[in-house]
Amino acid sequence: MDCHGSLSVDFIFATFMVLIMVGVMSNLVSDRFNMVDESKELIDSRSLAESIAGSINQVYAGGNGHYIKISTPPEIGKNSNYCIMVNSSGVLVRLEGRRGMAYMIPELISNSPTSLKSSNIILFPARDYIILNKQDGNGENWIVIINE
């Protein structure tokens, strides 16, 4: 036997198996991190929906003339492509196929203080809105959401 090193088939096979296992494990870890990021975005969107619904409930409880100014964040997590829908059912935040929903008390929602009629309102990122409680001629309280 000579004094120079030699590679055995077992060593090459073991190295190859270790490389495969490291590749598979890195893929699993990467998937887990992506899932954590998506979960955090969903939690943030649900929190935003709850915050807006809470502001609407506060304005509704304040009575006629009460208002609050809110600002929507420019992004949720690292995603700026989201929308917020407000209607008589509640507040829904849509973010890449995921949804965060929050319920609220008022059922009469409008997007115009002059013509009070039920409407679906869409709020966009990085904008300011005013939520106003306005009473109609029948004494019913409407929530009006307008872009500032």
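So, of the residues in the range 116-130 that are outside any strand (DSSP E or B) and modelled with pLDDT of 90 or more, which turns out to be farthest from LYS69 (Cα to Cα)?
Only one residue tops the list, namely ASN120.
Among the residues of the range 23-35, is any of a type outside the set (D, E, K, R) and in contact with a strand residue (DSSP E or B) (Cβ under 8 Å, 6 or more places away or on another chain)?
No, the range 23-35 contains no residue that is of a type outside the set (D, E, K, R) and in contact with a strand residue (DSSP E or B) (Cβ under 8 Å, 6 or more places away or on another chain).
In the range 97-126, what residues are without any contact (Cβ under 8 Å) to a residue 24 or more places away in the chain and within 23 Å of the chain's Cα centre (by Cα)? Walk me through it before giving the result.
Step one: filter the range 97-126 for residues without any contact (Cβ under 8 Å) to a residue 24 or more places away in the chain, giving 97, 107, 114-115, 117.
Listed by number, the residues that qualify are GLY97, GLU107.
Against the conditions (1) within 29 Å of ILE109 (Cβ to Cβ); (2) among the basic types (Lys, Arg); (3) at pLDDT below 90, where does ARG46 fall short? Just the number, please.
(3)
Among the candidates VAL59, VAL86, which residue alone is under 30 Å from LYS134 (Cβ atoms), of a type in the set (A, V, I, L, M) and in contact with a His (Cβ under 9 Å, 6 or more places away or on another chain)?
Going through VAL59, VAL86 in turn, just one is under 30 Å from LYS134 (Cβ atoms), of a type in the set (A, V, I, L, M) and in contact with a His (Cβ under 9 Å, 6 or more places away or on another chain): VAL59.
If you check every pair at least six apart or on different chains, which have Cβ atoms under 9 Å apart with a residue in the range 60-83 that is closer than 17 Å to VAL144 by Cβ first and a residue that is among the acidic types (Asp, Glu) and part of a loop (DSSP other than H, G, I, E, B) second?
LYS69/GLU148
Any residue at all in the range 133-146 that is surrounded by 13 or more Cβ atoms within 10 Å (Cβ to Cβ) and closer than 30 Å to MET35 by Cβ?
no
The values are calculated or read from the model by the stated rules, or taken from the named source; none is laboratory data. Keep in mind that this is a model prediction, so the values were computed, not measured. Please note: Cβ atoms are built from the backbone with ideal geometry, for glycine as well, and neighbour counts cover all protein chains shown.
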